[in-house]
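The values are calculated or read from the model by the stated rules, or taken from the named source; none is laboratory data. Predicted model only: the values in this text are computed from it and were never measured. Positions of Cβ are backbone-derived with ideal geometry, glycine not excepted, and every protein chain shown enters the neighbour counts. Just so you know, the surface numbers come from the protein's heavy atoms only, side chains and all, with ligands and any DNA or RNA stripped out. Shrake-Rupley method; radii C 1.70, N 1.55, O 1.52, S 1.80 Å.
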Amino acid sequence: MRTGIRLRLEMGARAAAFCRANPDSNPVTAKVAAKLIELSEKAEELLEQQVSGAVAATTAVADTATIRVLVNADLRALMKISRQADRDNSEMTVHRRIPPSRCSATEFYTAASVALTEAIAHQEVLERYGLSDELLASLAHGLEAWRLATERKLGGIGSKIGAGAGLKAVAYDIMGVVSCLDAVHAVRFRNSPALLAEWKSARNVAWPRAHRVQSAPITLVTPVTPTVPVVAVMDARAA
């Protein structure tokens, strides 16, 4: 999250807390405070969504790494069986390569799925060389688990991005509502300087100080006093 958005949201939470602690008895102006509280609560929900999305994506990535190791182990077993069967059955077309470690998720899933499909198509032949129902079931289960984990990862990333966009919009809405409350509270707390000061402190955004570029120091040039009197120079030129 960008610093500017975070600072605005933190200010909104403080300002909303002030409004809760000091409810407005005027039903007209109270609507402005209610709007700020609503925005602050929405920001909290979006923050939770952003965190949960990030956690879901991170967990799914770890799961896919673990599942990939298990699927590769099943594929190695299948490849050994298919290579042996190929010596006696030239018509065998079972995929005989393990997906490269650096290939994309789509390439990995496609290669493993093709290998499973071909193995099922030639199951009767491959069973004579050691292919078992357990190996096929394990490979099929691993691919399904991989697919679901990938969907969870994409869903988590999408949820995080969506929450980030929502937080940006809410942060700017908060600034507009707080500006209105500045006008409302300036009148409401006209005779309560302590509460007005408390409000101003709550709605203050602690912007980071901009980096100031220091100008180069100015060097004063001291005029040099001539060592020969000016009169003497003029006399010499006249001569």
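Residues that are among the hydrophobic types (A, V, I, L, M, F, W, C) and within 19 Å of Glu144 (Cβ to Cβ) within the range 50-70 comprise Ala56, Ala60, Val61, Ala62, Ala65, Ile67, Val69, Leu70, listed in sequence order. For the residues Ser138, Ser179, Ser132, the requirement of being over 30 Å from Leu196 (Cβ atoms), among the small types (Gly, Ala, Ser) and without any contact (Cβ under 8 Å) to a residue 12 or more places away in the chain singles out Ser132.
Being touching a Leu at 6+ places or on another chain (Cβ under 7 Å) and among the hydrophobic types (A, V, I, L, M, F, W, C) is the filter; apply it to the range 76-87 and report the residue that is farthest from Leu126 (Cα to Cα).
Ala77
Cβ-Cβ contacts under 8 Å between residues 6 or more apart (or on different chains), taken from a first residue in the range 33-44 that is under 18 Å from Ala186 (Cα atoms) to a second residue that is open to solvent by 50 Å² or more (accessible area, probe 1.4 Å), are listed as Ala33/Pro23. Do we have any residue at all in the range 88-110 that's closer than 30 Å to Ser52 by Cβ, part of a helix (DSSP H, G or I) and in contact with a Leu (Cβ under 9 Å, 6 or more places away or on another chain)? Within the range 88-110, one or more residues are closer than 30 Å to Ser52 by Cβ, part of a helix (DSSP H, G or I) and in contact with a Leu (Cβ under 9 Å, 6 or more places away or on another chain). Comparison of Arg87, Arg8, Arg20, Arg14 shows that the only residue that is out of contact with any strand residue (DSSP E or B) (no Cβ under 9 Å at 6 or more places or on another chain) and open to solvent by less than 50 Å² (accessible area, probe 1.4 Å) is Arg8.
The rows are residues; the columns are (1) modelled with pLDDT of 95 or more; (2) more than 14 Å from Val32 (Cβ to Cβ).
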position	(1), (2)
Ile157	yes, yes
Gly162	yes, yes
Val170	yes, yes
Asp173	yes, no
Asp182	no, no
Arg188	no, no
Ser192	no, yes
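Which one of Lys153, Lys160 is closer than 14 Å to Ala105 by Cα and under 43 Å from the mean Cα position of the chain (by Cα)? Being closer than 14 Å to Ala105 by Cα and under 43 Å from the mean Cα position of the chain (by Cα) holds for just one of Lys153, Lys160, which is Lys153. Residues considered: Glu91, Glu38, Glu118. Of these, the only one that is modelled with pLDDT of 90 or more and either of a type in the set (D, E, K, R) or under 26 Å from Asp133 (Cα atoms) (or both) is Glu38. The residue pairs whose first member lies in the range 1-29 and is over 16 Å from Leu47 (Cβ atoms), whose second member is of a type in the set (S, T, N, Q) and modelled with pLDDT under 90, and whose beta carbons are closer than 9 Å, counting only pairs six or more residues apart or on different chains, do not exist in this structure.
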